[in-house]
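Nothing in this text is a laboratory measurement; each read-out follows from the coordinates by a stated rule. Since this is a predicted model, take the numbers as computed values, not measurements. Every residue, glycine as well, gets a Cβ built from its backbone with ideal geometry; the counts of neighbours run over all protein chains shown.
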Amino acid sequence: MAAGSSRNNSNRVCVVIYDFEPRGVQRVQIRLANEFSSLGYDVDALVFNCSGPLLSTLSPSVSVVDLSANSAKSAFFKIIKYLFYKKPQAIFSAEDHINIVALIACQLVPVKIKCVVSCHVSPKLWALKPKFLSKRWYMVMLAKVLYPKADKCVAISSGMKQEYLEILGVNPDKITVIYNPVLSLNSESAVSDFQHPWLNHPNIKVVLGVGNLSRIKGFDDLIRAFSLLQSREFLRLIIVGDGPEMENLVSLSNELGLREFIDFVGYSPTPESFMNLADVFVLTSRSEGLPTVLIEAIGAGCPVVSTRCGGGAVEIMEDGDLGPLVDVSDVEGICEAVHQALNNPIKKSKLIKSSERFSSSAIAMEYLERILI
């Protein structure tokens, strides 16, 4: 990197992306980077590990700065070096452990750089009663000291904002609610060539689940709820995603005698292709910040059911106006809600209209108007 002036570059912004694996936070950061670039900013993607299938979704106009770091700690001095030489107007970080490193780095460079941190994981999952002197305890202590130094903390839902106010004591003036950028003009995939024997069958109704196959996503509850549905001869369950619980979920479907009725299709780069054709999308997560897949399903006009897995899900569902909301792990309640959504689906036009709140272009402009401009 060549040495720059003592002033920051008023047209350059930096978006931190840990890697390009198919996770929600990565998708959000990529969309922000792409939208900022389309609005005329010089955008650097500050990447810890430049690998993963989502790399192809990053705009060619975004410059990739590969830190080649396997942790926030090992990236620390490389981030300082980048900020010192490139001097962006702002840096946007989106994971709590990376937020802390970005905040410290901004304190150590001799030019004012706006540090904007967003919060995607409920602090109830990591900041409540950590074991004394544990890694999590240090995280909480650092967050309480450093988050007030951010130029702005972005909470992705009103519920998340309240948690950060109560648990971490963030100053209300420092925190603002801006939804995640999820949908864009090309979000809807062409489905004319998309084929699946169940989705293209006129007499079969399909229940759909999408996400990382981890315990927190609650796919075991989805399978158990599906087992309670009647008239299974005409019902099928498709689960899109991969993850550590795959083997256990397949075993559960075998135990319940459902294997022929459930298709584990693995990871798909275009889950919206399934959403466009499914009869109901079901989110059974035990905890979420702002579940991207729920927004994508609504944007596709697919009827939705969700657990009350966090304030974000309730806000997305407009407190139940867009579909049934069920308590976490209420298997019988999930079953009844799916039955309701299949038989009395919300109009597609209403769902799509509601999803406009989460358009990438609108969210990027909100960032600029409320933080940069």
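May I ask for the equivalent-ellipsoid semi-axes of the stretch 9-178, computed as the square root of five times each C-alpha gyration tensor eigenvalue and listed largest first in whole Å?
For the stretch 9-178, the ellipsoid semi-axes come out as 25, 17, 17 Å.
Just to verify a number: FRET efficiency for ASP330 and GLU255, C-beta to C-beta distance, R0 = 25 Å, to 0.05? Before the final figure, lay out each step's value.
On the way: r = 21 Å, r/R0 = 0.82.
According to the calculation, E is roughly 0.75.
Binning at 5 angstrom from zero up to the longest distance, how are the C-alpha pair distances of the stretch 195-337 distributed in percent?
2, 11, 22, 25, 23, 13, 4, 0
Identify all lysines with a Cα-Cα distance to LYS78 below 16 Å; exclude those on the same chain that are fewer than 8 residues away in sequence.
Output for LYS78: LYS86, LYS87.
Only Lys, Arg, Asp and Glu count, each charged at its Cβ (+1, +1, -1, -1), so figure out the dipole size of the stretch 205-357 about its Cα centre, rounded to 20 debye. Could the numbers behind the result be given before it?
Numbers: 14 positive and 22 negative charges, 70 e Å.
Dipole magnitude for the stretch 205-357 comes out near 340 debye.
Loop only by DSSP, 12 or fewer other Cβ within 10 Å of the Cβ. Give me the trypsin sites (Lys or Arg not before Pro) in the stretch 248-348 that pass, ordered by residue number. Can you show the working numbers first?
Values: sites: ARG259, ARG286, ARG308, LYS347, LYS348; in loops: ARG286, ARG308, LYS347.
Here the sparse-neighbourhood loop sites are LYS347.
Please compute one quarter of the surface area of the Cα convex hull for the stretch 106-231 and express it in square nanometres.
If I average the Cα hull's projected area over directions, I get 13.4 nm².
Let me check I've understood the local charge: for VAL182, count other residues with C-beta under 12 angstrom from its C-beta, Lys and Arg +1, Asp and Glu -1. What total comes out?
My count for the surroundings of VAL182 gives -1.
Where a ≥ b ≥ c are the square roots of the eigenvalues of the C-alpha gyration tensor, would you call the stretch 23-69 rounded, which needs a/c under 1.5, or, failing that, prolate if a/b is larger than b/c, or oblate?
It comes out oblate by the Cα gyration axes.
By a straight-distance test (C-alpha under 22 Å), which lysines pair with LYS205 as possible cross-link partners, with residues fewer than eight away in the same chain excluded?
Of all the lysines, those that pass the test against LYS205 - Cα under 22 Å, at least 8 places apart if same chain - are LYS347, LYS348, LYS350.
Which entries in the list LYS112/LYS174; LYS81/LYS161; LYS129/LYS149; LYS73/LYS124 go over 21 Å, if you measure between the two C-alpha atoms of each?
Result: LYS81/LYS161; LYS129/LYS149; LYS73/LYS124 exceed 21 Å.
What Cys residues in the chain are without a partner cysteine, judged by a Cβ distance under 4.7 Å?
Taking the Cβ cut-off of 4.7 Å, the unpaired cysteines of the chain are CYS14, CYS50, CYS119, CYS153, CYS302, CYS309, CYS335.
With +1 on each Lys and Arg Cβ and -1 on each Asp and Glu Cβ, and nothing else charged, work out how big the dipole of the chain is about its Cα centre, in Debye to the nearest 20.
The dipole of the chain has a size of about 1640 debye.
For the chain, taking Cα atoms only, what is the radius of gyration to one decimal and the Dmax to the nearest whole Å?
Radius of gyration, then largest Cα-Cα span, for the chain: 21.4, 70 Å.
What FRET efficiency would be calculated for the residue pair ILE204, MET246, taking the C-beta separation as r and a Förster radius of 35 Å, to the nearest 0.05?
Calculated value: 0.90.
Considering only the other residues whose Cβ falls under 11 Å of the Cβ of PRO345, what net charge follows from Lys and Arg at +1 and Asp and Glu at -1?
+3
What does the charge add up to near SER329, with Lys and Arg as +1, Asp and Glu as -1, over the other residues with Cβ less than 10 Å from its Cβ?
So the surrounding residues net to -2.
Specify which residue in the list THR307, ALA155, ILE371 is farthest towards the positive end of the charge dipole of the chain, using unit charges on the beta carbon of Lys, Arg (+1) and Asp, Glu (-1), about the Cα centre.
Checking the options against the dipole of the chain, the answer is ILE371.
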